[in-house]
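Taken together, the values in this text are just the output of simple stated rules run on the coordinates, not laboratory data. This one's a predicted model, so the numbers in the text were calculated from it and none came from an experiment. With ideal geometry, Cβ positions are generated from the backbone for all residues, glycine too; neighbour counts draw on all protein chains shown.
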Amino acid sequence: MQSRFYLLWKLVGALKFALVMWVGMRIFALWVNMIQNYWTHTRTFGYRRYDDDDDNAINIGEWLPITATFSACLQNNHHHYEGLLRLSHDKSEYDFGFLTVKFMKYLGLVKATTKGAELPKDVPLGALDF
């Protein structure tokens, strides 16, 4: 962790600027994680695609939370099929995380596991599109 801060400091050339960037990004990441986990497990916001009795998770489908959390706001989908590569289970759901993974596949950096590429029967997608 210290070496990454040192690298940032050397790249930007100013200690104060690097420190503000470093601390600011850490606080932002913590906030996004806390907010996403709170909002997607309270049933106050969003919608539920799957009615799992023992699970409180919901989906928040707006573009900003989806983008800020790389699709982690699709918690109900994730909890229902935690091993599925794609968190959007319908063409109408925006899935920034999946778009990122598809781009990484294009660059040759990732490939799907057998379980991750297997599309369950009750997911309303024609194909995984990976």
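For the reader, a short list of remarks on this structure follows.
- Scattering profile of the chain at q = 0.09, 0.15, 0.17 Å⁻¹ [log10 I(q)/I(0), Debye over alpha-carbon scatterers]: -0.35, -0.81, -0.94
- Here the dipole of region 40-106 is about 380 debye; that uses its Cα centre as origin and unit charges on the Cβ of Lys and Arg (positive) and Asp and Glu (negative).
- Using alpha-carbon coordinates, inclination of helix 15-39 to the longest axis of the chain, degrees: 20 degrees
- Inverse mean reciprocal Cα-Cα distance (Kirkwood Rh) of region 40-106, Å: 11.9 Å
- Taking every alpha-carbon pair under 8 Å whose residues sit at least 6 apart, the chain reaches a relative contact order of 15 percent.
- With contacts taken as Cα pairs under 8 Å at a separation of at least 6 residues, region 40-106 carries a relative contact order of 27 percent.
- Nearest-20 debye value, the chain charge dipole, Cβ charges on Lys, Arg, Asp, Glu: 880 debye
- Unit charges at the beta carbon, dipole of region 65-123: most positive-side option, Phe103, His78, His89: Phe103
- Cβ-defined net charge surrounding Gln2, 15 Å radius [Lys, Arg +1; Asp, Glu -1]: +3
- Positive-end residue, the chain charge dipole about Cα centroid, Cβ charges, pick of Met34, Phe45, Pro124: Met34
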